[in-house]
Amino acid sequence: MRVLVTGATGFIGRRLAPALEAEGHEVTAMTRHPDTYAGPGRAVFGDVQERDSLSAALADAEAAYYLVHSLDSGDFVRRDAEAATAFGSAAADAGLSRIVYLGGLGDDADELSDHLRSRRQVESLLAGGGVPVTTLRAGIVVGHGGISWEMTRQLVEHLPAMVTPRWVSTRTQPIAVDDVIRYLVGVLTLPEGTDRAYEIGGPEVLEYVTMMRRLAEIEGRHPVIVPVPLLSPGLSALWLALVTDVDTRTGRSLVDSMVNEVVVRDDAIREAVPFEPLSYEEAVLRALAERAREQSAEGEPT
């Protein structure tokens, strides 16, 4: 298929484009800086915040992946809603057969954070133009460069002891980035009319604190972790900004979401795109190995 990948230089997009090409798909990479794009496929300018740029970017595409968000913006809910509306309309005008969107897990019956509610809203707004939308909902994606994963890694590596907020006891279902890519590629060729959301996750449901402790074991570290239930979301975000490179605004959005349990309730994806997901430990080892390779290539100490 002729496929447009938005966010082609991002954490997911830069992995997805080569995977699609390897499966024989013709990739067009949408980016705000096509002159510096070095990945596979044809680069084209496009910005979801600029409606007029989308028609040219979507020209000749049969399907599109929507992998962009504005989490680092103070008004990300509004910006993401406007962008999704514009993209859904432009995709309909271009005659696309499918949009594939990577959203977030979370039970709609819960009081979802602004971040997770925004992800749900984007799902519906993308579909507003009439193009079928296949959504994959994921929790923490374990892979080098992913914001939630980097936050976890840096906390473990930077602090011999940490006083942690109550969200460290929230359950999540981490998934390896390699498995996310396999699912994204797999749903592209599902039967026409597959207009639904699938939940994706790894083989284990873990508390955040368990994720940190297992990472520490793999790296041979022994941090002391002391949960403090009264540490507020605002203070949690400031704490993250002090000990990681996650900025305060993004950190606050992530912290707000971490009070919501994000686990797979419906495993229909296992039949639609069958394979055995990687264990949490294997996902961690791959993430650490990729980081080491990148630092080695840049001449930095590992």
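State whether one or more residues within region 44-63 are within 25 Å of Val141 (Cα to Cα), modelled with pLDDT of 95 or more and buried (at least 17 other Cβ atoms within 10 Å of the Cβ).
Within region 44-63, the subset within 25 Å of Val141 (Cα to Cα) is 47-48, 63.
Next, from what is left, pick out any that are modelled with pLDDT of 95 or more: 63.
Still in the running and buried (at least 17 other Cβ atoms within 10 Å of the Cβ): 63.
Among the residues of region 44-63, at least one is within 25 Å of Val141 (Cα to Cα), modelled with pLDDT of 95 or more and buried (at least 17 other Cβ atoms within 10 Å of the Cβ), which makes the answer yes.
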Every residue from region 91-105 that is closer than 16 Å to Val48 by Cα and either of a type outside the set (Val, Ile, Thr) or surrounded by fewer than 22 Cβ atoms within 10 Å (Cβ to Cβ) (or both): Ala91, Ala92, Asp93, Ala94, Tyr101, Leu102
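In the list Leu190, Leu215, which residue meets the criterion of being assigned to a loop (DSSP other than H, G, I, E, B), over 18 Å from the mean Cα position of the chain (by Cα) and not small (Gly, Ala, Ser)? Write out each step before concluding.
Working: Leu215 fails: assigned to a loop (DSSP other than H, G, I, E, B).
The unique qualifying residue is Leu190.
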Subset of region 23-43 that is out of contact with any Pro (no Cβ under 9 Å at 6 or more places or on another chain) and of a type in the set (A, V, I, L, M, F, W, C) - its residue that is surrounded by the fewest Cβ atoms within 10 Å (Cβ to Cβ): Ala38
Selection from region 189-217 of residues that are over 22 Å from Gly128 (Cα atoms), of a type outside the set (Ser, Thr, Tyr) and either surrounded by 19 or more Cβ atoms within 10 Å (Cβ to Cβ) or free of Cβ contacts under 8 Å to residues at least 24 places away in the same chain (or both): Ile200, Gly201, Gly202, Leu206, Met211, Met212, Arg213, Leu215, Glu217
Among residues of region 43-71, those that are within 19 Å of Leu16 (Cα to Cα) and charged (D, E, K, R), counted: 2
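The values are calculated or read from the model by the stated rules, or taken from the named source; none is laboratory data. Please read these numbers as outputs of a predicted model, since none were measured by experiment. All Cβ positions, even for glycine, are placed from backbone atoms using ideal geometry, and neighbour counts span all protein chains on display.
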